[in-house]
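Each remark here refers to the structure printed beneath this line.
The values are calculated or read from the model by the stated rules, or taken from the named source; none is laboratory data. Every value quoted in this text rests on a predicted model; they were computed, and no experiment measured them. Cβ atoms come from the backbone with ideal geometry, glycine included; neighbour counts cover every protein chain shown.
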Amino acid sequence: MLNAIKKFFYRTDWVLLGLCLAASIFGIVMIASASNYHGASTYVSKQIIALVIGLNLFVVLSFLDIEILAEHQTLLVIFSAVFLAMLYPFGVEGDTGNRSWMSIPGMPFMIQPAEYCKIIYIIVCARIMTIYQEHINFLPCVLRLGFVSAVFMGLIVVISKDAGVALIYVFTLIIMALAGGFSFIWFAAAGAGLAVIVPILWNSSLVREDQKNRVMVLFDESIDPLGTTVRYQASRSINAISGGGLTGQGLFQGTQIQSGNVPAQHTDFIFAAIGEELGYAGCALCIGLLVAIILRILYVGAHSQSYFYRQVCVGIAGTLMFQIIINIGMCLGVAPVIGLTLPFFSYGGSSMMSLFIAMGVISSVRMHPSPDSQQRYLRLPV
């Protein structure tokens with residue numbers, strides 16, 4: 001037990017953990033302010049509970065050898081499929097028609113299975129790429145990745161109808177394929193396939209009319225010229241951010257935020273609360289912390305001589321990158337509103353716990369170097 005504690009304190013990535021804690025605490029402060037108009041205590045207490053649980057999961061995952069876990073890829077895929085399928089009988093349908101959440105007895109917040117399954121998806125994809133590392137462009141590798149992706153994304157789209165989360169999986173696979181050494185011909189083939197599939201999906205019942213309008217309004221403002229329907233959330237967010245100026249109106253002092261005028265201002269649009277109350281300086285600090293977390297993840301991956309670990313790090317960094325870009329783009333009106341939260345900052349217990357699980361995986365990479373990179377890790381500077 002003592003040796004395990006020493007190993008954790010010696011090898012865990014304290015820089016990454018410190019950055020994640022700083023971002024999370026920053027987020028909790030902003031959640032308190034953004035939810036102040038209708039009572040912040042419930043949201044803050046639940047977010048703190050999620051953070052504490054997340055920290056414990058970080059420690060547990062740090063000790064787990066992810067490479068050994070990945071050897072059971074078939075079981076991981078089956079588990080994920082069952083977990084996602086549970087949304088059909090037990091999922092709770094939201095206001096937008098998505099069935100992405102389910103309630104678990106004893107948990108103070110609902111669970112979003114897709115949040116946890118995307119970590120498993122990254123591990124499984126990294127394992128498949130590692131198996132075919134020397135023959136990465138062979139058809140069997142592509143077919144296995146395609147099958148796994150179809151299982152995960154298919155269940156998410158069909159059962160939960162959450163296209164936003166499914167897009168995270170798509171982007172993650174693209175980033176991992178680029179880093180993994182896939183030939184350009186496969187990207188061209190995937191692009192050709194998407195050119196056929198996307199129009200079919202667009203005109204199917206899987207994509208609702210309001211979802212189509214959220215995308216089309218970015219190119220044709222006449223769909224909502226007054227910003228009262230599909231552009232309502234984005235227009236409110238832009239007004240709040242522009243009202244903050246350089247240094248903001250002050251915590252708990254934002255005109256729009258404290259009046260509750262920005263929809264989902266403590267969740268999907270928390271960036272608008274930061275902009276109005278802390279100004280462009282606060283936005284820069286928020287983005288700076290998130291960029292630092294991504295760079296640290298890539299740093300850990302770059303200093304591992306294990307192809308598998310590098311792919312896992314790239315996948316997790318890519319997931320965060322996509323979610324951050326889309327969320328901030330939503331708040332600035334340059335990306336469709338698809339219900340993605342801002343990592344570490346937005347309210348959401350399920351999101352917080354899944355983030356610290358992912359960070360625990362990164363910590364595990366550092367704590368379990370491959371045999372040929374072990375000496376290098378022992379010399380790795382903080």
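Report, by residue number, each residue of the range 256-303 that is small (Gly, Ala, Ser) and surrounded by fewer than 24 Cβ atoms within 10 Å (Cβ to Cβ). Once the filter is applied, which keeps residues that are small (Gly, Ala, Ser) and surrounded by fewer than 24 Cβ atoms within 10 Å (Cβ to Cβ), the range 256-303 yields Ser259, Gly260, Ala264, Gly279, Ala281, Gly282, Ala284, Gly288, Ala292, Gly301, Ala302.
Evaluating Thr341 against the criteria (1) at pLDDT below 95; (2) outside any loop (DSSP other than H, G, I, E, B) leaves one unmet condition, (2). Candidates are the residues of the range 11-67 that are of a type in the set (S, T, N, Q), assigned to a helix (DSSP H, G or I) and surrounded by fewer than 22 Cβ atoms within 10 Å (Cβ to Cβ); the one that is nearest to the chain's Cα centre (by Cα) is Asn56. Whenever a residue of the range 232-250 is within 11 Å of Glu276 (Cα to Cα) and in contact (Cβ under 8 Å) with a residue 60 or more places away in the chain, its partners that are of a type in the set (A, V, I, L, M, F, W, C) and in a helix (DSSP H, G or I), lying with C-beta atoms within less than 6 angstrom and at least six residues away or across chains, give the pairs Ser237/Ala272; Ser237/Cys331; Ile241/Ala272. What are the pairs, 6+ residues apart or on separate chains, where a residue within the range 139-163 that is more than 11 Å from Cys125 (Cβ to Cβ) has its Cβ under 6 Å from a residue that is acidic (Asp, Glu) and not in a helix (DSSP H, G or I)? Note: pairs meeting the criteria are Ile156/Asp162.
Would the range 9-21 turn up any residue that is under 24 Å from Leu285 (Cα atoms) and among the charged types (D, E, K, R)? Checked the range 9-21: at least one residue is under 24 Å from Leu285 (Cα atoms) and among the charged types (D, E, K, R).
Filtering Ser354, Ser304, Ser259, Ser346 for residues that are in a helix (DSSP H, G or I), on the phi < 0 side of the Ramachandran plot and among the polar types (S, T, N, Q) leaves a single hit, Ser354. Which residues, counting only those in the range 88-112, are assigned to a helix (DSSP H, G or I) and free of Cβ contacts under 8 Å to residues at least 40 places away in the same chain? Within the range 88-112, Pro89, Phe90 qualify.
Scanning the range 217-241 for residues that are surrounded by 14 or more Cβ atoms within 10 Å (Cβ to Cβ) and either in contact with a strand residue (DSSP E or B) (Cβ under 9 Å, 6 or more places away or on another chain) or not β-branched (Val, Ile, Thr) (or both) gives Leu218, Asp224, Gly227, Arg231, Tyr232, Gln233, Ala234, Ser235, Arg236, Ser237, Asn239, Ala240.
Name, by its number, the condition in (1) surrounded by 19 or more Cβ atoms within 10 Å (Cβ to Cβ); (2) assigned to a loop (DSSP other than H, G, I, E, B); (3) free of Cβ contacts under 8 Å to residues at least 60 places away in the same chain that does not hold for Cys117. That leaves (2) as the condition not met.
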